[in-house]
Structures are given as structure tokens and as C-alpha cells.
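Can you read through this structure? Questions will come right after.
The values are calculated or read from the model by the stated rules, or taken from the named source; none is laboratory data. Model, not experiment: these values are computed from the prediction. In this analysis, Cβ positions are derived from the backbone assuming ideal geometry, glycine residues included, and neighbour counts consider all displayed protein chains.
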Amino acid sequence: MIHHLRELYRYRDLLLSLTLRDIKVRYRQTFLGAAWAVAQPLAFMAIFTVVFSKFGKVESDGAPYPLFSYTGLVPWTFFATALGLAVNSVAANMGLVKKVYFPREVFPIGVIFGCLADFLIAASLIGGLMLLYRVPASPHLLWLPWLIGIEIFFLISLSLLASALNVFYRDIKYIIPLFVQLGMFVTPVIYSASHVPSWLAPWYMLNPMAVVIDGIRRVVLHGQAPQLEPLLASTAFVLLLTALAYSYFKRVEIKFADLI
């Protein structure tokens with residue numbers, strides 16, 4: 001595995017080029033350009049605030065619901081968009097896969113890094129909302145790189161698995177959107193993780209995205225540290241899953257050119 005990582009590092013310029021290409025293609029001939037990175041979570045924030053806060057009376061642990069929902073929507077939008085685009089990233093580049101050799105994992109990873117740029121743009125608005133609602137910043141914001149790192153590695157692991165399987169079974173690109181839609185309901189995007197029954201919470205927090213979103217809300221909205229036990233368990237799980245997914249991807253990539 002170390003050999004494969006060294007090889008990937010040697011192709012870092014290609015990875016950067018693919019990342020920039022994905023960003024440019026996504027916003028080519030659009031009126032708003034990169035502003036779409038903010039427009040989508042903002043639109044959902046407005047809808048969720050009206051439907052779930054005003055009509056559904058969903059509690060937000062004392063935080064203003066627009067800020068509460070936005071802090072959940074930004075990481076979830078990153079997850080949903082990146083995974084949705086990465087699943088078909090290898091199959092969509094069949095011409096390059098057949099012609100020359102390079103680490104094929106640059107395709108799904110490049111998509112993730114491209115969506116990471118959107119995430120950072122959208123996340124910058126959280127600071128403005130904190131000022132608007134007078135939510136003070138705290139030193140616990142230093143937990144954010146760890147939490148975002150969990151999401152990035154979780155995305156890499158799922159994207160490697162999904163993009164490789166999609167080469168062999170084209171149903172995967174249709175299954176992933178369904179998986180993402182259902183996943184939103186077992187992740188605290190709309191509601192707070194504190195409302196999950198205590199008997200279910202240990203199982204619920206096995207979902208890395210639940211740990212990420214709950215942790216982000218704790219550090220941003222309440223000035224608290226994330227729950228340490230779920231954070232450590234989720235970190236270990238995601239790193240193991242990434243190693244297994246990467247090993248599987250490298251084992252089957254030699255068959256891609258023959259099957260696409």
C-alpha cells in the first residue's frame with residue numbers, strides 16, 4: 001500500500017489538474033459560477049427553516065434554526081455531491097483509462113478535492129451567520145480539521161469502492177443516489193443528534209457523518225468539544241475502511257480497461 005501511495009504522490013500534478021478541470025467543468029457556462037456552492041445549502045436552509053422549524057417545530061438545542069440547519073447542510077451537501085459525482089468518475093474517463101497508465105484513483109479523489117473547494121466556499125458563510133446571530137467563536141473550533149478530515153477520508157473510501165464497482169456493475173451509479181437520500185434521515189441534518197433515543201445512540205453514532213455533523217454543531221454552535229468516544233471510534237473505522245477500499249481498488253484497477 002505504501003508503494004501505491006508513493007506512486008499517487010508522483011502523479012500529484014495530474015491529480016491537481018483533474019481537480020481544477022472538474023471545478024471548471026462544473027461551473028462552465030453558468031451565470032452564478034462558484035456562487036452555486038453557497039446557493040444550494042442556503043436554499044435548503046430557508047426551506048428547512050420554514051418547514052421544520054416553523055411548521056414542524058423541530059428543536060435545535062437552543063441555537064437559531066437557520067444556523068443550526070446550515071451547519072448540517074454544508075457538510076452533508078459536500079458528502080452527497082462528491083459521492084454522487086465520484087461514482088461514475090472512472091467509467092466516464094474510459095478514453096484515458098484505455099490509453100495510458102496512471103493511478104486510476106486520481107479520478108474519484110480529484111472529484112472529492114474539487115467538491116472540497118465548494119465546501120470551503122459554503123462553509124465560509126457560517127462565520128457570517130455566527131456574527132448575525134451573535135454566536136461567539138471558541139477555541140474548540142480547532143476540532144474542525146479533525147472532523148472535516150474524517151469526512152474526507154470517509155468520502156475517499158466510499159468513492160473508491162463505488163467507482164470501482166461501477167465499472168463492473170453499472171447499477172451502482174443508480175444505487176448511490178438512493179443510498180445518499182436515505183442516509184440523510186439517519187444523519188442529524190434536519191434534527192439534532194441529542195434527540196436520538198439513548199438506547200439507539202451508540203448504534204446511531206457508528207455513522208461517521210453523524211459524528212461529523214454532531215461534532216461540527218457542538219464546536220460551532222455551543223463552544224463544546226465533540227464527543228470523544230464516538231470521534232475516536234469513527235476515526236479508527238474510517239481509516240480502516242479507507243485502507244480496505246484502497247487495497248480493493250488497486251487490486252481490480254488492472255481489469256478496468258478490459259471491461260469499460
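Just the residues that are closer than 30 Å to Glu7 by Cβ and either at pLDDT below 95 or among the aliphatic types (A, V, I, L, M) (or both), please, taken from the stretch 210-239.
Listed by number, the residues that qualify are Val212, Ala236, Val238, Leu239.
Just to be sure I understand the filter: pairs with C-beta atoms under 7 Å, separated by 6 or more residues or on different chains, first member in the stretch 27-50 and more than 20 Å from Leu120 (Cα to Cα), second member modelled with pLDDT of 70 or more. Which pairs pass?
Between residues of the stretch 27-50 that are more than 20 Å from Leu120 (Cα to Cα) and residues that are modelled with pLDDT of 70 or more, the close pairs are Phe48/Ser69; Phe48/Ile190; Thr49/Tyr65; Thr49/Pro66; Thr49/Ser69.
Taking Ala82, is it crowded, with 20+ Cβ neighbours inside 10 Å, at pLDDT below 80 and part of a helix (DSSP H, G or I)?
Spelling it out, it is not the case that Ala82 is crowded, with 20+ Cβ neighbours inside 10 Å, at pLDDT below 80 and part of a helix (DSSP H, G or I).
Mind checking which residues of the stretch 61-76 are buried (at least 20 other Cβ atoms within 10 Å of the Cβ) and either out of contact with any Leu (no Cβ under 7 Å at 6 or more places or on another chain) or among the β-branched types (Val, Ile, Thr) (or both)?
Matches in the stretch 61-76: Ser69, Thr71, Gly72, Leu73, Val74, Pro75, Trp76.
Here's a follow-up. Checking Thr242 against (1) modelled with pLDDT of 95 or more; (2) out of contact with any helix residue (DSSP H, G or I) (no Cβ under 8 Å at 6 or more places or on another chain); (3) closer than 30 Å to Val100 by Cβ, which single condition isn't satisfied?
If we test Thr242 against (1) modelled with pLDDT of 95 or more; (2) out of contact with any helix residue (DSSP H, G or I) (no Cβ under 8 Å at 6 or more places or on another chain); (3) closer than 30 Å to Val100 by Cβ, just (2) comes out false.
Can you name the condition, by its number, that Val189 falls short on among (1) exposed (fewer than 14 other Cβ atoms within 10 Å of the Cβ); (2) closer than 30 Å to Asn88 by Cα?
(1) is the only condition that Val189 fails.
For the list (1) out of contact with any Lys or Arg (no Cβ under 6 Å at 6 or more places or on another chain); (2) touching a residue at least 24 places away in the same chain (Cβ under 8 Å), I need the number of the one condition that Pro145 fails.
(2)
Sticking with this structure for a sec: Of the residues that sit in the stretch 92-108 and are crowded, with 23+ Cβ neighbours inside 10 Å and part of a loop (DSSP other than H, G, I, E, B), which one is modelled with the highest pLDDT?
Out of the qualifying residues, it is Glu105.
Among the residues of the stretch 198-230, how many are in contact (Cβ under 8 Å) with a residue 12 or more places away in the chain and either closer than 17 Å to Gly72 by Cβ or of a type in the set (Ser, Thr, Tyr) (or both)?
22
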